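Data block below; observations after.
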């Protein structure tokens, strides 16, 4: 199965103490859109600033989650645009969904709106 992994899922899965979310993805081919890299940076920086993780752990987490997807790719712009408008998503979230529609079987996300849109389109959702 090919799974499109979003930043919310990747970071929380990495930070989990028991590793169960990452374990569920171990045998799947994973991919993410190009926005994944910037979103991971932003989320980790926010977690360091808010004291959830210290600076060193944040840098280590960022290095690790940036290499979680097997592939980074771009989704077709027209599909991103249509999915964003049709499902009330941001352009960022629609990028994950478009990549899943184009090349994947599933979406791994903690975002409820993205989960609903993926389910509506018949995609498997990891949460």
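The values are calculated or read from the model by the stated rules, or taken from the named source; none is laboratory data. Treat the numbers as computed from the prediction; the structure is a model and nothing was measured. Cβ: placed from backbone, ideal geometry, glycine included. Neighbour counts: every protein chain shown.
Of all the listed residues (66, 31, 85), the sole one being out of contact with any strand residue (DSSP E or B) (no Cβ under 7 Å at 6 or more places or on another chain), surrounded by 13 or more Cβ atoms within 10 Å (Cβ to Cβ) and farther than 15 Å from residue 127 by Cα is 66. Counting just the residues of region 99-112 that are surrounded by fewer than 20 Cβ atoms within 10 Å (Cβ to Cβ) and within 13 Å of the chain's Cα centre (by Cα), which one comes out farthest from residue 5 (Cα to Cα)? Across region 99-112, the extreme among qualifying residues is 112. Against the numbered list (1) free of Cβ contacts under 8 Å to residues at least 60 places away in the same chain; (2) within 24 Å of residue 123 (Cβ to Cβ); (3) buried (at least 16 other Cβ atoms within 10 Å of the Cβ), residue 6 comes up short only at (1). Of the residues that make up region 50-61, is at least one out of contact with any strand residue (DSSP E or B) (no Cβ under 8 Å at 6 or more places or on another chain) and within 17 Å of residue 6 (Cα to Cα)? Scanning region 50-61, I find at least one residue that is out of contact with any strand residue (DSSP E or B) (no Cβ under 8 Å at 6 or more places or on another chain) and within 17 Å of residue 6 (Cα to Cα), so the answer is yes. Which of the residues spanning region 34-49 are touching a strand residue (DSSP E or B) at 6+ places or on another chain (Cβ under 8 Å) and crowded, with 18+ Cβ neighbours inside 10 Å? Matches in region 34-49: 36 only.
Among the residues of region 53-96, the ones that are without any contact (Cβ under 8 Å) to a residue 12 or more places away in the chain, over 14 Å from the mean Cα position of the chain (by Cα) and either within 17 Å of residue 107 (Cα to Cα) or assigned to a loop (DSSP other than H, G, I, E, B) (or both) come to 2 in all. Filtering region 97-126 to residues that are touching a helix residue (DSSP H, G or I) at 6+ places or on another chain (Cβ under 6 Å), more than 16 Å from residue 80 (Cβ to Cβ) and assigned to a loop (DSSP other than H, G, I, E, B) leaves only 110.
Give the residue that is farthest from the chain's Cα centre (by Cα), with candidates limited to residues of region 1-50 that are assigned to a loop (DSSP other than H, G, I, E, B) and at pLDDT 90 or above. Walk me through it before giving the result.
Filtering region 1-50 down to residues assigned to a loop (DSSP other than H, G, I, E, B) leaves 1, 6, 16-19, 26-28, 34, 50.
Still in the running and at pLDDT 90 or above: 6, 34, 50.
Values: 6: 0, 34: 11, 50: 21 Å.
Applying the filter and picking the extreme gives 50.
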